[in-house]
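Derivation of every value follows stated rules applied to the coordinates shown; laboratory data play no part. What you are looking at is a predicted structure, and each value in this text was computed from that prediction instead of being measured. Here the Cβ is made from the backbone with ideal geometry for all residues, glycine too, and neighbour counts use every protein chain on show.
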Amino acid sequence: MSACTTLRHLAVEPAKHLVRPKARLQPIQASAGTPSVDLARVAADIADVATLAPTIVVENPQHWERVVRSLPADIDGILPLSIPAYPTEVWNSHPQALVDRKLPVVFWCLPEYDEPDFWRWSARDMLESLGISVHLVDSRRHGLALLRALAVKRQLNGATLAVFGVQNFPWNAHAAGAHMERALGITVQVHDLDPIREHGARISDAEALEFWKTRSPRYRENGVSKSGLMTAIKTWLAIRKVLVETKALGFGVNCFGDLIPRGHREVPCLAQVLAREEGYLAACDGDFCCLSSMAVMTHLTGRTCTMSNLYPVSYVGALGAHFGDPLSPDPARFARSEWANIGRLAHCGFAGVVSPEVAGGPVDLRDWGGTYEIKRDGRGCGVDGKMPPGPITAVEVKFDGKTLLAAAGEVIETTEHPGMPHCEKSVLLRFRDLPGFVKNISREHPAIVYGDHIEDLKVAAPVLGMNLQVF
């Protein structure tokens, strides 16, 4: 699978808050002269992800202290520059300004060698002992990952997520949503479902069809009724109005705890993929932890995330109870000795809400898939897409907002299940350590993104104030 196939597909220019900003660094030169790092080369190297403010040359310690303390709020870090490369700089002799300002310090690598600046290790250790966040960049690749993380940190601080419906799942935003704000700066806002249903009912078919003209080429109407499709489009337009008004990053709807049990079928499956096309995030069941996971991964990687229920195939009881069948892998293709590290993605009749760019082409719109417990009834609109083979990273932000779980794996098969209307399709994943991941997860909903992003997460997690656990 080519790496470009899972880059975000944007049908429209996204709102500013939905786009990762460029990180902004303030170069501060210790004294007049030629710095040891070629700043013009650094600026060119980082141009896609960051910008440099005009360099400030330190005149004396008092000037240094004034400059650092007065740096504007849009500065994500300080880039110290030395003349020459010896450890007798003003940030060592007068570090208190850095302690007070609480901005990260970024010691860039030597661009011509793509290696860390040897003289910075002792400065890093000393400054970190004072509580200052210091990053010693190992290479250009490491530096770009760091800058993306600094930008995401600023983007998430003050962001909002919208969840619709009563809060009766473990991801109860009234009880635990504030953890995301304390840890990441993300506010989780709870909205009633009925106003969305009522607003959608007031949208005319003509308005819905006009919208659909521009978006339909990525979808195949394959089993969804005309009324089900119209309702799904109107549901997105109603949800979008709330997202625009609240400037939310994304949304989730509590289908199984609120919408479905009341007999309604304004399911947001199509709304989720349409939302992603406009730069929003979307996850099932109002799971704000999954949305937070998507916020981190989508904006760090620039790739579309999907999500689903992840079942270890070794858990035959859980699978059998939920699907009426354990959905075991074909033992002729996958030896039982492998099953401990194989998981299956399945949700609401299909593999999950898979966007066309993840599927590698158009996805099918069918009626809502139902479950073994709540039978499929021909109403609603479900999204049915395959996931091509390839490396993936599964990520979960835990309820504390501070713990980030990441598991490297691969998609190994999209499985068809004939005669199972509540589970027509699922996806098999192979992990390095699925038992360890599952024993630590908060919920059954990981965010899945193509590619192995573990090394970048090792860089990003400390920037975001998170404890990364890798499986």
Please state the charge dipole magnitude for the chain, taken about the Cα centre, from unit charges on C-beta atoms (+1 on K and R, -1 on D and E), reported in debye and rounded to the nearest 20. 560
Give me the percent relative contact order of the chain, please, defined on Cα pairs under 8 angstrom at least 6 residues apart. 15
Calc'd 3J(HN,Hα), region 202-211, phi into Karplus 6.51 cos²θ - 1.76 cosθ + 1.60 (θ = phi - 60°), Hz, glycine/Pro = x, comes to 8, 6, 6, 4, 4, 5, 5, 5, 4, 5
Would you please state the base-10 log of I(q)/I(0) at q = 0.15, 0.17 1/Å for region 18-155, with intensities from the Debye formula using one equal scatterer on every alpha carbon? -0.67, -0.89
Could you check how many percent of all C-alpha pairs in region 193-470 are farther apart than 23 Å? 52
Highest first, please rank the peptides 96-103, 422-429, 141-148, 222-229 by the mean number of other Cβ atoms sitting within 10 Å of their residues. 422-429, 141-148, 222-229, 96-103
Estimated dipole of region 65-194 in Debye, rounded to 20 [Cβ of Lys and Arg +1, of Asp and Glu -1, Cα centre]: 140
Amide H contacts under 5 Å for Thr403, restricted to residues at least 5 apart in sequence or on another chain and with H modeled in the peptide plane, are Lys398, Asn467
Which three lengths, in whole Å and largest first, does region 284-368 cover when its Cα atoms are put on their principal axes? 37, 30, 26
Row for region 227-275, column shape: gyration tensor on C-alpha, a ≥ b ≥ c, rounded if a/c < 1.5 i.e. under 1.5, prolate if a/b over b/c, else oblate; value oblate
Could you order the peptides 379-389, 448-458 from most to least packed, using the average number of other C-beta atoms within 10 Å per residue? 379-389, 448-458
From phi via Karplus (6.51, -1.76, 1.60), per-residue ³J(HN,Hα) for region 175-181 in Hz, x at Gly/Pro: 7, 10, x, 5, 4, 5, 5
Mean ellipticity per residue at 222 nm, deg cm²/dmol - from DSSP H runs of n ≥ 4 across the chain, formula -39500 (n - 2.57): -9500 deg cm²/dmol
Sorting Ala50, Phe471, Pro326 by the position of each Cα along the dipole of the chain (Lys, Arg +1; Asp, Glu -1; all at Cβ), the one nearest the positive end of that ordering is Pro326
Can you list residues whose amide H is under 5 Å from Thr160's amide H, if they're 5+ apart or on another chain and H is modeled 1.01 Å from N? Thr187, Leu249
Cα centre as origin, Lys/Arg/Asp/Glu Cβ charges: region 287-407 dipole, Debye: 100
Lys and Arg at +1, Asp and Glu at -1: add these up for the other residues within a Cβ distance under 13 Å of Trp64 and post the number. -1
Amide H contacts under 5 Å for Asp285, placed H, 5+ residues apart: Val253, Cys255
³J(HN,Hα) computed for each position of region 124-136 - Karplus, 6.51 cos²θ - 1.76 cosθ + 1.60, integer Hz, glycine/proline x: 4, 5, 5, 5, 4, 5, 8, x, 8, 7, 10, 10, 9
For the chain, what does the equivalent ellipsoid look like in terms of its semi-axes, each the square root of 5 times an eigenvalue of the Cα gyration tensor, given largest first in whole Å? 45, 24, 19
